[in-house]
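> Handing you a structure now.
The values are calculated or read from the model by the stated rules, or taken from the named source; none is laboratory data. Treat the numbers as computed from the prediction; the structure is a model and nothing was measured. Reconstructed Cβ throughout: ideal geometry from the backbone, glycine too, with neighbour counts over all protein chains shown. Accessible surface areas use protein heavy atoms only, side chains included; no ligands, DNA or RNA. Shrake-Rupley method; radii C 1.70, N 1.55, O 1.52, S 1.80 Å.
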Amino acid sequence: MNAARRIACLLGESPAAQGATSACALMSDVAHGFSPRVEVCEVDSCVFVDITGLQRLFESEEQIVRAIRHVVEKMGIVMRVGVGGGKAIAHIFAEGEKRNHRGTESGRSEERSDFENRTSPQTSLSLRLCGFSLSSEKERLAGLPIRLLRPSDDVAKVLCQWGLRTIGDLARLPRKEIEARLGREGILLHRLACAEDDAPLVPTPAPETFREVVDFDFGLSNLEPLAFVMRGMLDRLAERLECRGLAASDVRVVLTLADRRRHERTLSLAAPTRDAKTLLDLIRLDLVEHPPDAEIEAIAIDLIARPPRPAQLGLFEPKGPSPDRLATTLARLSAIVGRERFGAPALVDSHRPEAFALVPFGEERRNHARDPSSRLCQTCGHRDKSVLVSRQCRAGTELQRSDEKIYLGNVSSLPNSLSLRLCGFSSSLSSVLRRERTTQAIAIDALRARIADLRGPFRLVGEWWAATSFARDYYDATLCDGSVIRLYRDIVANTWVIDGLIH
Amino acid sequence: MVAELRERLRGTAPRGHGHLSTGLAALDELLGGGFPEGRLVEVVGGQASCATSVAVQALAAATRRGEVVAYIDWPDAFDPRSAAGAGLDLARTLWVRPQTVKDAIAATDLVLGAGGFGVVALDLFGEKKKCNHDYISSSSFLRLARAAERAKTTFLVIAAEHVAGTFAALTLTCGRACVAIERSKGFSPGRTARVDFRSPRIQ
């Protein structure tokens, strides 16, 4: 036996009630937050943690276990803990703790006091944490029932016939005689009874995907009860992420529908987060936008974990919106105004003044920082990237996927330059314009105003090499009320169009 | 000299809030440093005014400081090219194009609630019939003003007529080349600044 080795066994007390997989996974995540060497035993619904060396961080083993128990029980999982020199011994101590609580009616009262102990950390844990007393592990094992060694049925029957009731009874027998009568299993049992356990701990890799599953007794057709269930699931997932110091970068929601079909939704978050409320908002908004078309019988939520992005603030830059809240805000904006109607405007490499693109807000700056391959071309200021280009057509905006390049170079800006308000009068004005004979003034019925001064024309010709060629004569017209509008005559179609109001 | 400086400061700046530059030197001087931080500022002007340009200049000044800004564009009249020409950093601008006034108010509420935006501009400039300002309850602006105060965001409302009522900490009336303080908590009304704008280039 390695005397220096200390193994803690975390044993879920009521796996059927809590959900065995979930409780085991949760305990595993908590254990990974304390030690990198964790073995998960799904069969027994227990987790072994190598706590050797943790005394450098905690004063005693008792404090280590108290800290683990505090985190686990905060998540609503009731568990037993045992600490020993090996996995099997630790498991026996954890089982022995359970026996103490469930044995008799006095055990029930003890269970109540045990609950009170758990809720008040100041109380002594010596009653519950087996293996912490000053007496040797062998002496503590001696008082426990022999069935905790988990012998096979045949061997258990023989031991019963021999009149052995406790582990101590077995330990007192000579090993050679045991070997002669019970064979290899007898030796193993005798070694355990003598607190000799050298089975190695096989570390289980820490999972990178966190999963919660809930099956419903009745199909759900409404989003509100589903959100209520999801809140609990996401709370548990968030706590598991917190234990590991991770955050969710992607969320996958799988709904099993009444007709056995699966409705899957995957959300990529703008920034890794472990805020349950944010995640719930994002999922709920997505499900409102893409509702399932049948009743929901089960839900599974998978979170892809990544290390949280450290917030590196510039010394001379003001703090912007936090990534979590920004992601939620953008998702809510999407639900209110539509996905295509918000974003960061970007100029398109086009000769048409009205051309623009709408890119996801915040993405450009992130790409600048993260993706070295998407740096700007220093000479032309172009970046090759397929974007959602929104052609400016105020009467009815049409969206199309295009490979047109976004112009990201510096626009030559003039200080105190006026802004143009684009008007809704994009229709042809040929029928409502009339040129007066004496002056250059034009009466525009649409604006009910007379033009006092007309500056122009400024000719703009472009894309003559393509079918979309255009040629325009631009004018800045000052109306009688002092307002200035920008309008142009389409030379090809011979029509007048009000471009906008200089405001 | 210090006493004189104190006297001048007492007369020009409202207390308790910082100021954000409007991007226009004359207006900054008029307002004692710029728009009050975390307050609702109403920029009112008809067709023959420079209200939009004043707002865009404030947004541009904020992006030059490295802040993130938002433009809630109910009339769908924002022109990215001329705004970029006025110095606005488009990558730092969240442009929202709601289709109804109700959606515009809800979107503004969301953006202000997110926090971290230096300036948020709500554009309600448009035809009277189409805009129907009566639809916006005064409690909406109270809520938005509170949200702006919590987020310490300067909240600009661009409109052809007064819409924010008493919840505006500052109301500016814009002419073609001048901006006047119409109502303010801390300034005497009627003071005017002349601003010189250039026409946007056709490019």
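> Going down the table (A:LYS87/A:LYS176; A:LYS74/A:LYS277; A:LYS87/A:LYS277; A:LYS74/A:LYS138), which pairs top 30 Å between alpha carbons?
Working: A:LYS87/A:LYS176 24 Å; A:LYS74/A:LYS277 18 Å; A:LYS87/A:LYS277 39 Å; A:LYS74/A:LYS138 33 Å.
Among A:LYS87/A:LYS176; A:LYS74/A:LYS277; A:LYS87/A:LYS277; A:LYS74/A:LYS138, the Cα-Cα distance tops 30 Å for A:LYS87/A:LYS277; A:LYS74/A:LYS138.
> Sort A:ASP293, A:ASP217 from largest to smallest accessible area, using a 1.4 Å probe on the heavy atoms of the protein chains.
Working: A:ASP293 115, A:ASP217 145 Å².
Result of the area sort, largest leading: A:ASP217, A:ASP293.
> Next up: Rounded, prolate or oblate for the stretch A:209-306? Axes are the square roots of the Cα gyration tensor eigenvalues, ordered a ≥ b ≥ c, and the cut-off for rounded is a/c under 1.5. Don't jump to the answer; show the numbers that get you there.
Values: a/c = 1.99, a/b = 1.73, b/c = 1.15.
Note, shape of the stretch A:209-306 comes out prolate.
> Rounded to the nearest 10 degrees, what's the angle between the helix B:101-114 long axis and the longest principal axis of chain B, both from Cα atoms, 0 to 90?
It is inclined by approximately 50 degrees.
> What's the tally of Lys pairs in chain B whose alpha-carbon atoms lie under 22 angstrom apart, where the two lysines are 8 or more places apart or on different chains?
Details: B:LYS102/B:LYS128; B:LYS102/B:LYS129; B:LYS102/B:LYS130; B:LYS152/B:LYS185.
Total qualifying Lys-Lys pairs in chain B comes to 4.
> Using a 1.4 Å probe on protein heavy atoms only, how many Å² of accessible area do A and B hide from each other, summed over both chains and rounded to 100? Each step should come with its number before you reach the end.
Details: alone 28480 and 10670 Å², together 33780 Å².
Adding both sides of the contact gives about 5400 Å².
> Rank these by accessible area, largest first, 1.4 Å probe: B:TYR71, A:TYR475. Numbers along the way, then the final one.
Working: B:TYR71 5, A:TYR475 25 Å².
Most to least solvent-accessible, the answer reads A:TYR475, B:TYR71.
> Counting Lys and Arg as +1 and Asp and Glu as -1, what is the net charge of the other residues whose Cβ lies under 13 Å from the Cβ of A:VAL461?
Details: positive: A:ARG352, A:ARG459, A:ARG472, A:ARG489; negative: A:GLU463, A:ASP473, A:ASP490.
Once all neighbours under 13 Å are counted, the net charge is +1.
> For the pair A:ALA258/B:LYS102, report the inter-label distance in nm, with labels modelled 7 Å from Cα in the Cβ direction.
Here the modelled spin labels are 3.1 nm apart.
> What are the aspartates and glutamates whose alpha-carbon lies under 18 Å from the alpha-carbon of A:LYS319, with same-chain residues fewer than 8 places away excluded?
Straight-distance partners of A:LYS319: A:GLU363, A:GLU364, B:GLU37, B:GLU67, B:ASP89, B:GLU149.
> Please report the net charge: other residues with Cβ closer than 12 Å to the Cβ of A:THR495, K and R +1, D and E -1. Present the calculation step by step, with values, prior to reporting the outcome.
Values: positive: A:ARG472, A:ARG489; negative: A:ASP473, A:ASP490.
With Lys, Arg at +1 and Asp, Glu at -1, the net is 0.
> To the nearest whole number, what is the average tally of beta carbon atoms from other chains within 10 Å of the beta carbons of peptide B:172-185? Spell out each step's value before the answer.
Details: counts 0, 0, 1, 1, 6, 1, 0, 0, 0, 0, 0, 0, 0, 0.
That average works out to 1.
> Next question, about the same structure. How much of the calculated P(r) for chain B lies past 30 Å, in percent of all Cα pairs?
Numbers: 3006 of 20503 pairs.
Percentage above 30 Å: 15.
> Taking 0.36 nm per residue of sequence separation and subtracting the Cα-Cα distance, how much length would be gained by fully extending the chain between A:LEU201 and A:ALA467, in nm to one decimal? If you can, show how the numbers build up before the last one.
Details: separation 266, 0.36 × 266 = 95.76 nm, distance 7.28 nm.
The span from A:LEU201 to A:ALA467 would gain 88.5 nm if fully extended.
> May I ask for the net charge around A:ALA300, where only other residues with Cβ less than 11 Å from the Cβ of A:ALA300 are counted and Lys, Arg are +1 while Asp, Glu are -1?
Values: positive: A:ARG211, A:ARG252, A:ARG262; negative: A:GLU212, A:ASP215, A:GLU264, A:ASP302.
Net charge in that neighbourhood comes out at -1.
> What accessible area, in Å² to the nearest ten, does a 1.4 Å probe give for A:TRP496?
About 30 Å², ignoring ligands and nucleic acids.
> Please average, across the residues of A:353-361, the number of beta carbons from any other chain that are within 10 Å of each residue's own beta carbon, and give a whole number. Intermediate results must be reported in sequence, preceding the final value.
Values: counts 7, 3, 2, 7, 2, 3, 2, 0, 8.
Mean shielding by partner chains, rounded to a whole number: 4.
> Further, regarding this structure: At a Förster radius of 45 Å, what calculated FRET efficiency corresponds to the Cβ-Cβ distance of B:ARG150 and B:CYS178, to the nearest 0.05?
Numbers: r = 33 Å, r/R0 = 0.74.
Step by step, r from the Cβ atoms, then E = 0.85.
> Keeping all protein chains in position, work out how much accessible area A:ASP169 exposes to a 1.4 Å probe, and write it in Å² to the nearest 10.
40
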